[in-house]
Amino acid sequence: MPELPEVETIKRDLEKIILGKKITEVCVHHPAVIRQPDVAKFKQYLQGAKIKNILRKAKVLVLELSNGKSLVIHLKMTGQLVYPGDAKKSRVSFYLDDGKILDFNDQRLFAELRVLDDWRSLKFIQNLGPEPFDLPLAQFKEMLAPKKTKIKALLMEQGFVSGIGNLYAAEVLFKSGIHPERPANSLSDKEKETLLKAIKDILNQAIKHGGSSIDDYVRLSGERGDYVRYHRVYGRQGQPCLACKTPVKRIALGGRGTYFCPRCQK
DNA sequence: AATGGGACCTGCGCGC
DNA sequence: TGCGCGCAGGTCCCAT
């Protein structure tokens, strides 16, 4: 569930709270989430290291450490970082030199934790398309031109643009008045412009409100993200469109729940 | 090349 | 009450 705005929110929360702190001990309660290297080395590389820098690439968090290595975290769907934690239902607990715990939770065990020498060389990172905020309109138009794929599927492709998932894809298409099944190359120049603006606007607004707490996502403090209040279509099937009162429709697109207004989105 | 489906997992809410 | 089932969606992988 965490998409760009949620991960960015966590990143900013982490910067305020744990930047500069030292990891004194790592307790791995569920080894499945440790993807690289093995658990013993994972712990060894982290223990005693200071958190020197925190960054986000698409939906991935990177904690650069004083020993030159990096802790790379992909929360996937149900991953959470919580501080201060109590190590009760966490998959991994990071004990910090302030005497408190940074807990990593993940109900469904999809998340991926790695310690790497060079996070930039991770294949997933290498394959990422541009971040929407760094994307000029001319380039966006060029990128869409040869694509026949349904626009919503394309927006969610991390190699195309990075950071957008199912929820924000639905919201930006509603705001743009574009039907999720439109072939990407059928969008007019005007629509492409509207769409890129909607992407930037909505992601920015969502960051401003600390992201969207739908299922598991919470901020570092455990607080919920407030952007749910501003959702127009996501999760609202059968309810009246906030613009025209037509019931919001839900279809399956690429196996994903897709919400849209059949009247406002053409 | 693009699309669809399954796999990875678990907990929740639903209908019976 | 309790069971089985579908569903939730980020990403990879495979088949068509």
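The values are calculated or read from the model by the stated rules, or taken from the named source; none is laboratory data. Note that this is a predicted model, so its numbers are computed, not measured. Methodologically, a virtual Cβ is constructed for each residue, glycine included, from the backbone with ideal geometry; neighbour enumeration extends over all protein chains shown.
Here are the numbers for the structure shown:
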{"read-out": "Residues located in the range A:228-266, provided they are within 16 Å of DNA strand C (Cβ to nearest atom) and assigned to a loop (DSSP other than H, G, I, E, B)", "value": "A:H231, A:R232, A:V233, A:Y234, A:G235, A:R236, A:Q237, A:G238, A:Q239, A:V248, A:G254, A:G255"}
{"read-out": "Failed item in (1) in a strand (DSSP E or B); (2) modelled with pLDDT of 95 or more; (3) closer than 29 Å to A:S162 by Cα, with A:Q80 passing the rest", "value": "(2)"}
{"read-out": "First in the range A:147-170 and closer than 10 Å to A:P183 by Cα, second anywhere and basic (K, R), Cβ under 6 Å, 6 or more apart", "value": "A:I151/A:R182; A:L154/A:K147"}
{"read-out": "Cβ pairs under 6 Å, 6+ apart, first in the range A:98-120 and farther than 17 Å from A:H29 by Cα, second among the polar types (S, T, N, Q)", "value": "A:L116/A:S70; A:W119/A:S70"}
{"read-out": "Single match in A:P180, A:P146 (criterion: within 14 Å of DNA strand B (Cβ to nearest atom), in contact with a Leu (Cβ under 6 Å, 6 or more places away or on another chain) and either under 24 Å from A:S66 (Cα atoms) or not hydroxyl-bearing (S, T, Y) (or both))", "value": "A:P180"}
{"read-out": "One residue from A:R120, A:R114 being part of a helix (DSSP H, G or I) and in the same structural domain as A:G20 (by TED's automatic domain parsing)", "value": "A:R120"}
{"read-out": "Checklist (1) out of contact with any strand residue (DSSP E or B) (no Cβ under 8 Å at 6 or more places or on another chain); (2) within 16 Å of DNA strand C (Cβ to nearest atom); (3) on the phi > 0 side of the Ramachandran plot applied to A:T9, failing item", "value": "(3)"}
{"read-out": "Any hit, the range A:128-143, residues being within 25 Å of A:C241 (Cβ to Cβ), out of contact with any helix residue (DSSP H, G or I) (no Cβ under 8 Å at 6 or more places or on another chain) and within 13 Å of DNA strand C (Cβ to nearest atom)", "value": "no"}
{"read-out": "Tally, over the range A:153-175, of residues that are surrounded by fewer than 23 Cβ atoms within 10 Å (Cβ to Cβ), closer than 22 Å to A:P262 by Cβ and over 12 Å from the mean Cα position of the chain (by Cα)", "value": "3"}
{"read-out": "Residue satisfying condition, being within 16 Å of the chain's Cα centre (by Cα), crowded, with 18+ Cβ neighbours inside 10 Å and outside the structural domain of A:H74 (by TED's automatic domain parsing), within set A:R236, A:R224, A:R232, A:R219", "value": "A:R219"}
{"read-out": "Count - residues of the range A:126-143 that are in contact (Cβ under 8 Å) with a residue 24 or more places away in the chain, assigned to a helix (DSSP H, G or I) and either surrounded by fewer than 18 Cβ atoms within 10 Å (Cβ to Cβ) or within 11 Å of DNA strand B (Cβ to nearest atom) (or both)", "value": "3"}
{"read-out": "Residue match in the range A:191-201 (condition: in a loop (DSSP other than H, G, I, E, B) and over 24 Å from the mean Cα position of the chain (by Cα))", "value": "no"}
{"read-out": "Cβ pairs under 6 Å, 6+ apart, first in the range A:74-86 and on the phi > 0 side of the Ramachandran plot, second among the hydrophobic types (A, V, I, L, M, F, W, C)", "value": "A:K76/A:F110; A:K76/A:A111"}
